[in-house]
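Asker: I'd like to ask some things about the structure below.
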Amino acid sequence: MTEILHMKDIYKEYQMGDEVSVVLKGINLKVEKGEFIAVLGPSGSGKSTLMNIIGCLDVPTSGEYLLSGRKIADQEEKILTHIRRKEIGFIFQSFYLLSRHTAVKNVELPLIYAGTDKKLRHELAAEMLKKVGLDDKINHLPRQLSGGQQQRVAIARAMINDPTILLADEPTGALDQKTGSQVMELFQQLNQEGRTIIMITHDENLARQAKRIVHILDGNIVEEAI
Amino acid sequence: MLKENLIMAWDNIKNSKMRSFLTSLGIVIGVSAVIALITIVQSATGEMMSQFESMGTNKISVSASGNVLKSGLTSTDLDNLSKIDNVSGVAPSVSLTGSAGKQGVLLDEVSIMGKNEKYFEVDNTEITQGRKLTAADMDGHTYTCVIDQDIQAGMFPNENPIRQTIKINGQGYEIAGVRDTESSSDVMAGFNASSTADGTVIIPYRNALALSGGSTYSSVDIYIADISLSEQTQANVEAVLDAAFNYKDNSYRIMDMSSIVETMNSMSTMLTALLAGIASIALVVGGIGIMNMMLVSVTERTKEIGLRKALGAEPLQIQALFIIEALTLSLIGGIIGIFLGLGISVITTALIGSTFAISWMAIAIGTGFSVAVGLIFGWTPAKKASNLKPIDALRTD
């Protein structure tokens, strides 16, 4: 199996006034292609910080983080942007769709920044929406869609650049149980097709649907269960 | 990418119509004020200028009051003046008031002007009947005249005056032509004609000099062939005049129309700049309005900015999005302001009775200002947006 993510002794500190708060205290983590991992921890455990570092939205204070073999350190924002574009597909708890854009326009957004031409962009986005089961809703605005449908649009958007990792932060947190499990089914399906998924959650039941669970507590990975 | 940004900016403007309208209003007021003031000032002064220019920028008017030794310019002096390089002709002018009469009619308050053929050559007052006076009339023994329509109306209401004889101060003159009263382009002639109730008659200059009882000319127009050399020519004219009056000071004055026009020009430019400067204060206020709205917009859309960045938008692309939005707002305001300003100018120039002249400079300034305002006042908010860290932006509630 190909190793796509490797974290060695990752620390993350924040300066809070005079005090330094250490949020991550020596994280070691390896992820291989095709895995479906749940990072499980209570709030304040450091799991969001870990997600930000995995997603290249933030950089570690010390330690080594390799993503697809490339070292992620304190790089220019522009370089981090390019890495994110290629490697990471984000899925957020509250979807973050642009409310004034149709579903297909929302899915096209990453392609706009990647410089794909208009016609191809539309085709790819429509195709991706079909894949998540929304081929009849491509011209709907977010407010015309249910929560589950909105999250599917967000998943389609995350997939559109064919990223190395799908990074989901409490993807069912804003959904009822039924639509939540439909979204989880979609994740299972995408994982079976070979997509690597990292899901951040505090919900143990949700975490159990992943192939592998990483427990995080107080800035440390305390246990790995399969 | 530019097109995408334009579409996105337009979407945002459209979605907050009221706010965008109020924000642009500042620019509309600023640009229309600048345009209206510049256009009105230029229309008004432009008309004044063309009046002055029609008096002739190609001539130097000499008013020779003389001194104790010599009362004015002699015929020899006129010959000397006409021999100067680049002088195309010299037109002396003698004016007095007298009477004109014929059998049964006497006009006793007539303006009598003595002119030469050069005057008729450059003067563009319409000759309605007959002919102008020519060099052949100027020998001093030929008694021909050109009357104006006032005299024609006074003396020959129902008959053809050409070749008729009238008595001017007792001397018989044959009428060679009739000219229009109204459109006199010579400001002095216009003056005299309107100050005398009965009209104006023009006779050969030598005859008029004899009639006035004098021997020298006090008023002479010198015409210049090539205006670009007028400074040199004027210096030569002054040299000849200095010699004519034996270098006595204050014997003559020179009135040069082109220098008057120049002075007026620079005054009007100053006035325009001053008014435009005052009006552009409104533009600055409008710019602050745009900046305010953009800052609010950045704060409101922090999450959107964070999301766009997470999805791969570079800082520069975020900056472009907001600058284009600010530019679009200010340009829309600018375009509306240009039309509004031109509208105000059309109405105002009509009210003050001058001709409306579209000023491309005003339009260029209006457009340039609104673009500059958009750029300057959009820059800071856009920079602020582009500097947001995506995690901080996504985290805000």
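Asker: What FRET efficiency comes out for the pair A:GLU76/B:ASP11, r = Cβ-Cβ distance, R0 = 35 Å, nearest 0.05? Before the final figure, lay out each step's value.
Answerer: Details: r = 30 Å, r/R0 = 0.85.
Efficiency, from the Cβ-Cβ distance: 0.75.
Asker: By how many nm would the segment from B:THR128 to B:MET255 lengthen if fully extended, with 0.36 nm per residue of separation less the alpha-carbon distance?
Answerer: On the way: separation 127, 0.36 × 127 = 45.72 nm, distance 3.08 nm.
Difference between extended and current length: 42.6 nm.
Asker: Shape of chain B from its Cα gyration tensor (a ≥ b ≥ c, root eigenvalues): rounded if a/c is under 1.5, otherwise prolate when a/b > b/c, or oblate? All intermediate terms of the calculation are to be shown ahead of the outcome.
Answerer: Details: a/c = 4.90, a/b = 2.99, b/c = 1.64.
It comes out prolate by the Cα gyration axes.
Asker: Just counting partner chain Cβ atoms within 10 Å, what average do the residues of peptide A:157-165 show around their Cβ?
Answerer: Details: counts 2, 1, 0, 1, 2, 0, 0, 0, 0.
So the per-residue partner count for this stretch is 1.
Asker: Rounding to the nearest 20 debye, state how big the charge dipole of the protein assembly as shown is about its Cα centre with +1 on each Lys and Arg Cβ and -1 on each Asp and Glu Cβ. Present the calculation step by step, with values, prior to reporting the outcome.
Answerer: On the way: 54 positive and 67 negative charges, 537 e Å.
Charge dipole, the protein assembly as shown, about its Cα centre: 2580 debye, nearest 20.
Asker: Counting Lys and Arg as +1 and Asp and Glu as -1, each charge on the Cβ, what is the dipole of the stretch B:91-224 about the Cα centre in debye, to the nearest 20? List each step's numbers first, then the result.
Answerer: Details: 9 positive and 17 negative charges, 76 e Å.
Here the size comes out at about 360 debye.
Asker: Another question, if that's okay. B:ALA135 to B:ASN169: FRET efficiency via 1/(1 + (r/R0)^6), r the Cβ-Cβ distance, R0 30 Å, to the nearest 0.05?
Answerer: About 0.80, to the nearest 0.05.
Asker: In cubic angstrom, how much convex hull volume per residue do the alpha carbon atoms of the stretch B:63-168 span? Walk me through the numbers before you get to the answer.
Answerer: Details: hull volume 14.9 nm³, N = 106.
Hull volume normalised by residue count: 140 Å³.
Asker: Could you work out how far apart the two model spin labels at B:ASP392 and B:ASN158 are, taking each label as a point 7 Å from the Cα in the direction of the beta carbon, and quote it in nm?
Answerer: Using points 7 Å along Cα→Cβ, the separation is 10.1 nm.
Asker: Additional query: Report, in debye and to the nearest 20, how large the dipole of chain A comes out about its Cα centre when Lys and Arg carry +1 and Asp and Glu carry -1 on their Cβ. All intermediate terms of the calculation are to be shown ahead of the outcome.
Answerer: Details: 28 positive and 30 negative charges, 182 e Å.
Computed about the Cα centre, the dipole is about 880 debye.
Asker: Of the peptides B:309-317, B:206-214, A:19-27, A:35-43, how do they stack up when ordered by the mean number of other Cβ atoms within 10 Å, highest first? Display every interim value, and only then the final one.
Answerer: Numbers: B:309-317: 21.7, B:206-214: 17.7, A:19-27: 15.7, A:35-43: 19.8.
Going by the mean number of other Cβ atoms within 10 Å, highest first, we get B:309-317, A:35-43, B:206-214, A:19-27.
Asker: Would you list, by chain and number, the aspartates and glutamates whose Cα falls below 14 Å from the Cα of A:LYS78, excluding same-chain residues fewer than 8 positions away?
Answerer: A:ASP58, B:GLU314
Asker: Which values of log₁₀ I(q)/I(0), to two decimal places, follow from the Debye formula for the protein assembly as shown at q = 0.10 Å⁻¹ with a uniform point scatterer at every Cα?
Answerer: -0.94
Asker: Can you give me the relative contact order of chain B as a percent, contacts being Cα pairs under 8 Å and 6 or more apart? Don't skip to the end; give the middle numbers.
Answerer: Numbers: 697 pairs, mean separation 124.5, N = 397.
Relative contact order of chain B: 31 percent.
Asker: Shielding by partners for A:106-113, please: the mean number of other protein chain Cβ atoms within 10 Å of each residue's Cβ.
Answerer: Working: counts 2, 0, 1, 7, 5, 2, 10, 10.
That works out to 5 on average.
Asker: Still on this structure: Which whole number of Å³ per residue matches the convex hull of the alpha-carbon atoms in the stretch B:257-343? The partial results should precede the final answer.
Answerer: On the way: hull volume 10.7 nm³, N = 87.
Cα-based convex hull of the stretch B:257-343, divided per residue, equals 123 Å³.
Asker: Sticking with this one: Show me you know the interface measure: the accessible area buried between B and A, both chains summed, probe 1.4 Å, in Å² to the nearest 100.
Answerer: Working: alone 19900 and 11340 Å², together 28980 Å².
In total, chains B and A hide about 2300 Å² from solvent.
Asker: Per residue, how much accessible area does the protein assembly as shown have with a 1.4 Å probe, in Å²? Walk me through the numbers before you get to the answer.
Answerer: Values: 28980 Å² over 623 residues.
Heavy-atom accessible area per residue stands at 47 Å².
Asker: List the residues of the stretch B:317-357 whose backbone N lies under 18 Å from a point placed 7 Å from the Cα of B:MET49 along the Cα-to-Cβ direction.
Answerer: Zone members listed by number: B:349, B:354-357.
Asker: Now for a separate question. Can you tell me how much longer the chain between B:ALA350 and B:SER215 gets when fully stretched, taken as 0.36 nm per residue apart minus their C-alpha distance, in nm with one decimal?
Answerer: 43.6 nm
Asker: Can you list, bin by bin at 5 Å, the percent of alpha carbon pairs in chain A, starting at 0?
Answerer: 1, 7, 14, 18, 19, 16, 12, 7, 3, 1, 0, 0
Asker: Let me see the pair-distance distribution of the stretch B:91-224: every alpha carbon pair, 10 Å bin width, integer percents in order.
Answerer: Calculated over all Cα pairs of the stretch B:91-224, the distribution is 13, 50, 33, 3, 0 percent.
Asker: Here's something else I'd like to know. In vacuo Debye scattering of the stretch B:1-74, one point per C-alpha: log10 I(q)/I(0) at q = 0.26 Å⁻¹?
Answerer: Scattering profile of the stretch B:1-74, log10 relative to I(0): -1.08.
Asker: Excluding same-chain residues fewer than 8 positions from A:LYS131, which aspartates and glutamates have a Cα within less than 17 Å of its Cα?
Answerer: A:GLU108, A:GLU123, A:ASP162, A:GLU185, A:GLU193
Asker: Still on this structure, I have one more. Could you order B:VAL237, B:VAL285, B:VAL105 so the one with the most accessible surface comes first? Probe is 1.4 Å. Write out the running numbers ahead of the final one.
Answerer: Values: B:VAL237 0, B:VAL285 95, B:VAL105 40 Å².
The most accessible residue leads, giving B:VAL285, B:VAL105, B:VAL237.
Asker: Once you have a ≥ b ≥ c as the square roots of the Cα gyration tensor eigenvalues for the stretch A:71-188, tell me rounded if a/c is under 1.5, and otherwise prolate or oblate according to whether a/b is larger than b/c. Write down the numbers at each step before the final one.
Answerer: On the way: a/c = 1.96, a/b = 1.28, b/c = 1.54.
Since a/c reaches 1.5 but b/c is at least a/b, the shape of the stretch A:71-188 is classed as oblate.
Asker: Please name which of B:ILE151, B:ILE168, B:GLY199 has its Cα lying farthest along the dipole of the stretch B:91-224 towards the positive end, using unit charges on Cβ (Lys, Arg +1; Asp, Glu -1) and the Cα centre as origin.
Answerer: Working it through, the farthest residue towards the positive pole turns out to be B:ILE168.
Asker: Shifting gears a bit: Please give the peptides A:52-58, A:96-102 ranked by average Cβ packing (other Cβ atoms within 10 Å per residue), highest first, as a rough proxy for protection. Write out the running numbers ahead of the final one.
Answerer: Working: A:52-58: 23.3, A:96-102: 18.1.
Those peptides, ordered most packed to least, come out A:52-58, A:96-102.
Asker: On average, how many beta carbons from a partner chain sit within 10 Å of the beta carbon of a residue in A:87-100? List each step's numbers first, then the result.
Answerer: Values: counts 0, 3, 2, 5, 0, 5, 0, 3, 1, 8, 1, 7, 2, 6.
For peptide A:87-100, the averaged partner shielding equals 3.
Asker: Another one. Farthest toward the dipole's positive end in chain B, which of B:VAL28, B:GLY341, B:ILE127, given Cβ charges of +1 (Lys, Arg) and -1 (Asp, Glu) about the Cα centre?
Answerer: Of the candidates, B:VAL28 comes out farthest on the positive side.
Asker: Right, here's the next one. With all protein chains present, how much of the accessible area of the protein assembly as shown (probe radius 1.4 Å) comes from carbon and sulfur, to the nearest whole percent?
Answerer: Numbers: 16030 of 28980 Å².
Result for the protein assembly as shown: 55 percent of the exposed heavy-atom area is carbon or sulfur.
The values are calculated or read from the model by the stated rules, or taken from the named source; none is laboratory data. The model shown is predicted, which means the values in this text are computed figures rather than measured ones. A quick note on method: Cβ atoms are made from the backbone with ideal geometry, for glycine too, and the neighbour counts reach across all protein chains shown. Side chains are part of the model used for accessible areas, which takes the heavy atoms of the whole protein and leaves out ligands, DNA and RNA. Shrake-Rupley method; radii C 1.70, N 1.55, O 1.52, S 1.80 Å.
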